[in-house]
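What follows is one structure encoded as structure tokens, with my remarks underneath.
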Amino acid sequence: MLGKFLRPILSASRKRHPFSSPFQSLLNPILPSHLHRRFLCSPPSPTVLPIPIIRTQTPLEKQFETWVQKLKPGFSPSDVDEALQAQSDPDLALDLFRWTAQQRGYKHNDLTYLTIIKILISRRRYHLAETLVEEVLAGACEMSVPLYNSVIRFCCGRKFLFNRAFDVYKKMWKSDDCKPTLETYAMLFNLLLRRFNKLNVCYVYLHSVRSLTKQMKSSGVIPDTFVLNMIIKAYSKCLEVDEAIRVFREMGLYGCEPNAYTYGYIAKGLCEKGRVGQGMEFYKEMRVRGLFPSSSTYMILICSLAMECRFEEAIDVCFDMLSNLMAPDLLTYRTLLEGLCREGRDSEAFDLLDELRKRDKLMNEKTFKTLLNGLHIVDFRIYLACLEAKCWGDFIILSLNGLSVDSTGYGCLYSSEALVGGDFVMEGSPCTSINGSYTSFCNSWALDYKCFLLN
């Protein structure tokens with residue numbers, strides 16, 4: 001009886017709850033359901049705080065902290081300047097410069113700005129240096145002559161800051177305590193001469209050279225030889241040779257001695273102006289003083305003398321150049337040698353070429369052949385001109401001995417003795433009419449070519 005009574009109760013207790021856990025059978029059936037849920041749920045975990053990542057300092061940061069600690073409270077601009085000069089890294093120096101500027105009771109002066117600008121320029125941090133230059137010009141500190149000159153030097157070294165350099169100069173000129181010095185004018189003259197690359201451009205900047213010269217004299221600045229040479233060079237490039245000579249005569253008033261550059265600029269200007277005689281006088285005066293011209297001065301003198309048919313003087317200048325271990329270029333040689341041929345002195349031209357080959361140790365075989373070929377061409381052109389001038393009828397009596405040029409089309413004559421009916425009669429070579437292109441090709445070469453025209 002008792003079993004029949006308890007069976008329904010036990011069966012009811014074995015029925016699973018629809019939301020019961022699959023582990024319900026493992027729990028104590030006597031415990032209440034809310035205790036079952038408490039035991040099934042995991043206990044709350046404590047809040048996990050993030051572990052801070054400790055970053056190690058870089059060597060530059062450690063060095064920066066070291067210098068910050070060395071700068072004791074109340075440091076002066078001289079202390080900052082010493083700290084900046086001790087830095088090998090420009091970025092670290094700039095960080096130290098910016099950090100000190102933020103400290104209470106401290107302000108940078110011209111000394112610290114000059115030091116940091118020099119550091120940045122020397123390490124090619126041009127953009128940062130330009131930023132500091134603008135701060136200085138805006139009034140970040142009181143200006144000084146070294147700081148002005150440093151800013152002008154930086155502007156002269158940057159092409160796009162050409163006008164800025166003269167803006168700084170004008171500000172310096174108007175200041176009461178920082179007037180331009182000889183160094184200032186030297187930098188500005190040098191900056192202007194860099195633009196003297198073409199004759200038309202030279203005249204544009206010549207006005208600025210004149211203005212700077214007047215301002216330099218009015219301010220009482222005594223020029224040196226370097227500055228006066230730049231003024232002479234500016235006048236000579238613009239072919240204002242009279243002005244250049246005037247400055248040359250004034251050099252003694254300033255206690256300056258002319259050097260080789262002084263004479264060279266004037267001699268080149270006079271030759272380019274067409275006053276070759278005066279140019280030679282300055283050249284001779286320079287050589288009497290024991291000064292040596294530059295290679296460009298030598299070559300301009302040689303070409304100018306050769307173009308005026310003053311060949312003896314041109315040859316002397318050429319030999320003087322070779323004796324001073326300098327050699328003319330190909331154009332100078334051709335101007336001299338071909339000028340002799342045009343004057344009918346072809347034998348002298350060939351003899352001179354042989355002498356030049358002996359004296360010029362730098363003349364290679366290619367240069368010698370080029371010069372020799374040029375003499376043949378000029379010699380044959382002169383012969384053809386004489387031939388046309390002396391031609392009458394159909395008969396000309398000639399005696400030619402070894403006249404030859406290259407195969408580009410001017411002709412080659414060997415041991416010819418007669419010209420009949422307007423045709424060249426040559427041995428071993430086809431005849432070519434004078435009325436044609438005056439050409440006859442031949443593959444032979446000779447070392448000595450001379451033409452004798454019998455009247």
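The values are calculated or read from the model by the stated rules, or taken from the named source; none is laboratory data. Note that the structure is a prediction, hence the values are computed from the model and not measured. Quick reminder, even Gly has a Cβ in these numbers, built from the backbone with ideal geometry, and neighbours come from all protein chains shown. The accessibility values were calculated without ligands, DNA or RNA, using every heavy atom of the protein model including side chains. Shrake-Rupley method; radii C 1.70, N 1.55, O 1.52, S 1.80 Å.
Restricted to region 76-94, and to residues there that are in a helix (DSSP H, G or I) and over 16 Å from Leu120 (Cβ atoms), the residue that is most open to solvent (accessible area, probe 1.4 Å) is Glu82. All of Ala101, Ala83, Ala93 fail the test of being touching a Phe, Trp or Tyr at 6+ places or on another chain (Cβ under 6 Å) and among the hydrophobic types (A, V, I, L, M, F, W, C), apart from Ala83. Check Gly290 against each of (1) over 28 Å from the mean Cα position of the chain (by Cα); (2) in contact (Cβ under 8 Å) with a residue 24 or more places away in the chain; (3) outside any helix (DSSP H, G or I) and name the one condition it does not meet. So Gly290 meets the others, but not (2). Scanning region 231-244 for residues that are surrounded by 22 or more Cβ atoms within 10 Å (Cβ to Cβ) and either in contact (Cβ under 8 Å) with a residue 40 or more places away in the chain or part of a loop (DSSP other than H, G, I, E, B) (or both) returns Ile231, Lys233, Ala234, Lys237. Entry remark, region 104-121: residues being open to solvent by 60 Å² or more (accessible area, probe 1.4 Å) and under 15 Å from Leu71 (Cβ atoms) number 3 in total.
Gly269 fulfils the conditions (1) out of contact with any Leu (no Cβ under 8 Å at 6 or more places or on another chain); (2) of a type outside the set (Asp, Glu); (3) crowded, with 16+ Cβ neighbours inside 10 Å except for a single criterion, (1). Look at Val227 and say whether it is modelled with pLDDT of 95 or more, more than 30 Å from Arg310 (Cβ to Cβ) and open to solvent by less than 60 Å² (accessible area, probe 1.4 Å). So Val227 passes the test. Every condition in (1) closer than 26 Å to Lys70 by Cα; (2) hydrophobic (A, V, I, L, M, F, W, C); (3) at pLDDT 95 or above is met by Phe97 except one, and the failing one is (3). Screening region 357-376 for residues that are open to solvent by less than 30 Å² (accessible area, probe 1.4 Å) and touching a Phe, Trp or Tyr at 6+ places or on another chain (Cβ under 6 Å) and picking the one that is nearest to Asp320 (Cα to Cα) gives Leu371. Scanning region 167-176 turns up no residue that is within 26 Å of Glu240 (Cα to Cα) and β-branched (Val, Ile, Thr). When we screen Gly290, Gly255, Gly279, Gly274 for residues that are crowded, with 20+ Cβ neighbours inside 10 Å and of a type outside the set (D, E, K, R), the only hit is Gly279. Within the span defined as region 342-358, one or more residues are touching a residue at least 40 places away in the same chain (Cβ under 8 Å), among the small types (Gly, Ala, Ser) and assigned to a helix (DSSP H, G or I).
Where helices (runs of 4 or more DSSP H) fall entirely within region 127-212, those with at least 3 residues that are open to solvent by less than 10 Å² (accessible area, probe 1.4 Å), out of contact with any Pro (no Cβ under 9 Å at 6 or more places or on another chain) and touching a residue at least 12 places away in the same chain (Cβ under 8 Å) are at 145-156, 182-193.
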